[in-house]
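Below is one structure; the comments refer to it alone.
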Protein chains: 4
Amino acid sequence: MFIGVIGGGTAGAEILRMAEETGRLIAGHGCFLICGGMGGVMESSAKGAKEAGGTTIGILPNPDRHSANPYIDIPIATSFGEGRNLIIVRTADILIAIGGEYGTLSEIAFALKTEKRVIGLHTWEIPGVIKAGTPVEAVEMAMELLGQHTI
Amino acid sequence: MFIGVIGGGTAGAEILRMAEETGRLIAGHGCFLICGGMGGVMESSAKGAKEAGGTTIGILPNPDRHSANPYIDIPIATSFGEGRNLIIVRTADILIAIGGEYGTLSEIAFALKTEKRVIGLHTWEIPGVIKAGTPVEAVEMAMELLGQHTI
Amino acid sequence: MFIGVIGGGTAGAEILRMAEETGRLIAGHGCFLICGGMGGVMESSAKGAKEAGGTTIGILPNPDRHSANPYIDIPIATSFGEGRNLIIVRTADILIAIGGEYGTLSEIAFALKTEKRVIGLHTWEIPGVIKAGTPVEAVEMAMELLGQHTI
Amino acid sequence: MFIGVIGGGTAGAEILRMAEETGRLIAGHGCFLICGGMGGVMESSAKGAKEAGGTTIGILPNPDRHSANPYIDIPIATSFGEGRNLIIVRTADILIAIGGEYGTLSEIAFALKTEKRVIGLHTWEIPGVIKAGTPVEAVEMAMELLGQHTI
């Protein structure tokens, strides 16, 4: 299963800590983590996933594969700028949004439009987003919605 | 000036009426209308603009230029699906959102992320969206924000 | 009808002269000219079209509408880099390739793949490209293939 | 290292056999194989890579990750149609073109434009393409150009 993690390229310490824990839990469940491959929530969640032995995919906005953060195993260089967000949403089986500003809202809305489920952690409260209080709760919800047994 | 009109591919009668009036007013101010080129708010706003002698541009999701609604002067066939929404936002000087669901929210959020101003008519109330009550008010606001003298 | 003109962002004087004449003839036939909106063949062909009173559309690689050359009436800002070439091919009814290097070859090949006809003026000689010797011949061929009476 | 394999969605038996062997050799050198994820040369090369224990990435034209051929480990769903070809070229360190028609030519040209090296096996003979006679020769050339010791 591919779990998308979306959130800002910059974020406060608490959001980054939650992103890292979320990444760790995703990998712990044997799922792939897919994100935007850059800094902030993208980097922290990928770091967490790598620490737990997972596989990370980064869909980059720019044409250079080497612009990915150091925790990305499979960097995909798109050169499509923000258009790369649509690829993350299309590829993920479910998305976890952590913090974030307008860019994250845009991804949440696009995910809901395409009928992908979105779990929200300290993010925009839009009708349709499933609110979670902690990374553990967010990832457990994701596993349940995907019909996976949790560990 | 290029005024983007964003809104759903299907919409109720009152929203469509507002879209048509908005299109008419945009053309009346000598501005180009740019939209997604398909049905609903896109079609009604383009119809209004054409009735007032304006020029309409439709950025289509699919590869066939002839899929545009009949009120589009310049249909652009992208084959990029929802990715075409980014082109509307990038090209418009300012956007007017009318009604709409998740797709419109995604465009609003992307516009705000890229620092384009968004005027909202009976749409999502997101921080940063400038709320207008009527098409006249929406278009007057747009003209003022663009530094244009109103007629 | 929309005639696509493709060619390099830089080119020699003779190629640029042919591009300008081609643009002038396209406009003289009442057709819209669509191109990549930047310099070289794109700029010269748009200049010719404007001199003959035509309408020009430029599909730009970058997110800024104001990066278009000064002869573009309808600049479309995509932020999709080279991906914008696909939009030119999809939107055009027929394409005229003038000079050009690898970028032009890529557009020619993509056009042929999507079953758009391509007329070539001093460009790559690929099976499927219809070779013309002069701008007059290229535009006459285009009109004939589109079933338009020539002036 | 990421080796891109490009070629037609349908192909004759000899081309498919070469694609499979090429995939097997790429994996044997410990490289990732990236391709368009669909049938023909894409499927045969991915099959060969999987048989040799490699990792395969498929950049899909459509929005459904499950449309990938069965030999793709990491399917990326883009919904960008042919625009996905640019992502393959941008992400690969070097490309091997096998057989192919206009779509392959378009990718070859785009790769050369962006200064990626292209090795050709029974494909278009365009200036800049490095011609190889066999899969072994193609993959050895790729490794040498990438500065890898061959096995």
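Suppose the filter is open to solvent by 20 Å² or more (accessible area, probe 1.4 Å), of a type in the set (S, T, N, Q) and within 29 Å of A:PHE2 (Cβ to Cβ); does D:THR78 pass it? When the stated conditions are applied, D:THR78 does not pass them. The set of residues from segment C:118-151 being touching a residue at least 40 places away in the same chain (Cβ under 8 Å), buried (at least 18 other Cβ atoms within 10 Å of the Cβ) and touching a Gly at 6+ places or on another chain (Cβ under 7 Å) comprises C:HIS122, C:THR123. Might you check whether a residue that is within 11 Å of chain B (Cβ to nearest Cβ) and at pLDDT 95 or above occurs anywhere in segment A:63-79? Checking segment A:63-79: at least one residue is within 11 Å of chain B (Cβ to nearest Cβ) and at pLDDT 95 or above.
For segment A:7-29, does any single residue satisfy the condition of being under 11 Å from the mean Cα position of the chain (by Cα), of a type in the set (A, V, I, L, M) and closer than 12 Å to A:ILE88 by Cα? Among the residues of segment A:7-29, not one is under 11 Å from the mean Cα position of the chain (by Cα), of a type in the set (A, V, I, L, M) and closer than 12 Å to A:ILE88 by Cα, which makes the answer no. Note on segment B:50-81: residues that are of a type in the set (Asp, Glu) and closer than 17 Å to C:ILE74 by Cα amount to 1.
I'm trying to understand the selection: among the residues of segment B:86-117, which are on the phi < 0 side of the Ramachandran plot, open to solvent by 10 Å² or more (accessible area, probe 1.4 Å) and at the interface with chain A (Cβ under 10 Å from one of its Cβ atoms)? Across segment B:86-117, the qualifying residues are B:LEU86, B:ARG90, B:GLU101, B:TYR102, B:GLY103, B:SER106, B:GLU107, B:LEU112, B:LYS113, B:THR114. Note on segment B:71-80: among residues that are without any contact (Cβ under 8 Å) to a residue 24 or more places away in the chain and not in a strand (DSSP E or B), the one that is farthest from C:ILE59 (Cα to Cα) is B:ASP73.
The number of residues in segment B:116-151 being of a type in the set (D, E, K, R) and modelled with pLDDT under 95 comes to 1. Out of C:GLU82, C:GLU115, C:GLU107, C:GLU43, one residue alone is over 26 Å from B:GLY83 (Cβ atoms) and acidic (Asp, Glu). It is C:GLU43. Would you say D:GLY83 is without any contact (Cβ under 8 Å) to a residue 24 or more places away in the chain, closer than 20 Å to D:GLY9 by Cβ and part of a helix (DSSP H, G or I)? Answer is yes for this residue.
The values are calculated or read from the model by the stated rules, or taken from the named source; none is laboratory data. Every value quoted in this text rests on a predicted model; they were computed, and no experiment measured them. Note: ideal-geometry Cβ built from the backbone for every residue, glycine included; neighbour counts use all protein chains shown. Areas reflect the complete protein model, heavy atoms only, side chains present, ligands, DNA and RNA absent. Shrake-Rupley method; radii C 1.70, N 1.55, O 1.52, S 1.80 Å.
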